[in-house]
1. With θ set to phi - 60°, apply the Karplus curve 6.51 cos²θ - 1.76 cosθ + 1.60 along the range 80-97 and write out the HN-Hα couplings as whole Hz, x wherever there is a Gly or Pro.
2. Using a Debye calculation, one point per C-alpha and no hydration shell, please list log10 I(q)/I(0) for the range 1-112 at q = 0.19 Å⁻¹ in order.
Amino acid sequence: MANFLSVDHPNVFTGLAMVGKFGITASFAVIYVYTAEIFPTVVRQTGIGVSSMFARMGGVLAPIINMLHNHSAATPLIIFGTSPLLGAIFALALPETADRPLPDTLEDAENWDVRSAPILENLEPDEDFGSPDSSSEKQELQHLAS
């Protein structure tokens, strides 16, 4: 692995750096949106602040971790590579928030899985909400969907 990531392959370093930069940018966007959805109203601002603090902690530790390059060239790469992968794996354990009301109390957040299923699954199949009345509207919607 160390030979693959040597200075003889600058394109590999550049490609991995660009993928990492994309991941960092995407994760910052997700942090703010997801924390606003998952924390209950009574502690939402505190939750967003703590999440932001931990996100910024990575920026503070990055130069220190990069100094480990003097000890071993692969050490910073391993740390910066495995940390986001572990974060992504842990994020898979978080509950789905689509089509669910935001929690209002701490009890709502604790009972997230017990709460009602997503709104779309609760609809009766014979209920008709907002379906187009004319065939031209149906054709236009089908054209936009494809």
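1. Going residue by residue, I get 6, x, 7, 4, x, 5, 5, x, 5, 5, 5, 5, 5, 7, 6, x, 6, 10 Hz, with x marking Gly and Pro.
2. Log10 of I(q)/I(0), two decimals: -1.05.
Read the figures in this text as sums done on the coordinates, not as results from a lab. Note that the coordinates shown come from a computational prediction; the quantities given were computed from them, not determined experimentally.
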